[in-house]
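Read the structure below first, then the notes.
Rule-based calculations on the coordinates, nothing more; no lab input. Values in this document were obtained by computation on a predicted structure and should not be read as measured data. Ideal geometry is used to build each Cβ from the backbone, glycine not excepted, and the neighbour counts take in all protein chains shown.
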Amino acid sequence: MPSRPTPPTSPHASRRWSQPGSEAPRVLLLDLDGVLVDTRPVMESAWRRVQQAHGLDVPFEAYERHLGRPFGDIMEQLGLVDAELIHRTYAEASTAASHLARQFEGVAEVLHAFAAAGWLLGIVTSKPLDRAAPLLAQLGVPFATVRTPNGVGRGKPAPDPILLALIDVGADPADAMYVGDMAVDQEAAHRAGVAFVHAGWGYGRPSTPTPEVADSPEDLLRFLATAGHRAPFLEGSLL
Ligand SMILES: [Mg+2]
């Protein structure tokens with residue numbers, strides 16, 4: 001049996017993507033739910049509707065444990081059949097409750113700072129495109145790529161959507177970092193050979209090996225402070 005190539009450990013990958021003097025574009029890939037936008041109230045409301053409509057007694061806490069995976073995968077993890085019917089109910093209820101979503105404080109400013117410093121920004125989410133797009137539009141940030149379960153490949157924790165995002169922007173895994181809040185995000189980044197930063201303000205806990213942790217969206221700005229790139233100064237902003 002051929003031996004499996006060892007992906008870079010996260011400290012090694014961190015050193016590589018922050019290499020001073022590198023001309024390659026750096027890429028900041030981000031998860032959506034629990035990283036950019038607090039959609040927990042939306043998801044909880046939609047799951048309650050699913051419970052009522054389909055007579056399920058699976059609590060939201062059980063659903064929430066699997067967040068980050070595509071919806072069909074979560075249904076499989078929960079042992080629920082009729083995933084398509086349930087998803088239809090869930091999607092309708094999510095759309096109806098979308099006004100409950102809130103951007104995490106400072107997120108838009110932080111993303112603008114990365115863009116201004118020359119980073120390419122991308123989204124890798126398990127939220128379907130039709131529900132992700134309005135949330136992303138509200139941020140007003142130029143995303144170079146958005147990868148959702150609507151595209152090809154396997155969902156997280158497989159590395160596919162991260163690798164596809166890198167193909168979209170023409171960048172190496174070593175020049176990218178992925179910010180996520182769930183263990184599946186960390187696993188996907190690890191399997192893609194991309195440095196991972198755990199979003200400490202999200203819904204999950206860091207997994208092993210212990211990743212870099214950002215305590216707040218603003219805390220991500222310290223990853224901008226690499227040689228050759230200076231964060232812009234904007235009067236009156238958090239910078
Ligand atoms: Mg998330």
- [ ] Would you pull out the residues with amide H under 5 Å of G34's amide H, same chain only if 5 or more places away, H placed 1.01 Å from N?
- [x] T39
Open item on the list: Give me a comma-separated list of calculated 3J(HN,Hα) values for the range 169-176, in order, Karplus coefficients 6.51, -1.76, 1.60 applied at θ = phi - 60°, integers in Hz, x for any Gly or Pro.
Closed with: 9, x, 10, 7, x, 5, 9, 10
Open item on the list: Taking 8 Å as the Cα distance limit and 6 or more residues as the minimum spacing, I'd like the relative contact order of the range 40-100 as a percentage.
Closed with: 52
Open item on the list: Going by Cα centres, the range 73-118 and the range 159-220 are how many Å apart?
Closed with: 17
Open item on the list: With θ taken as phi - 60° and the coefficients 6.51, -1.76 and 1.60, list the Karplus ³J(HN,Hα) couplings across the range 159-166 in order, rounded to whole Hz; mark glycine and proline as x.
Closed with: x, 3, x, 5, 5, 5, 4, 5
Task: Point-to-point label distance, Q52-N150, nm (Cα→Cβ direction, 7 Å offset) - done: 2.8
Open item on the list: Applying a 10 Å radius around every beta-carbon, put 127-137, 203-213, 32-42 in order of their mean neighbour count, most first.
Closed with: 32-42, 127-137, 203-213
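Suppose R0 equals 30 Å. What FRET efficiency, 1/(1 + (r/R0)^6) with r the Cβ-Cβ distance, do R65 and H99 give to the nearest 0.05? All intermediate terms of the calculation are to be shown ahead of the outcome.
Details: r = 26 Å, r/R0 = 0.86.
That gives a FRET efficiency of 0.70.
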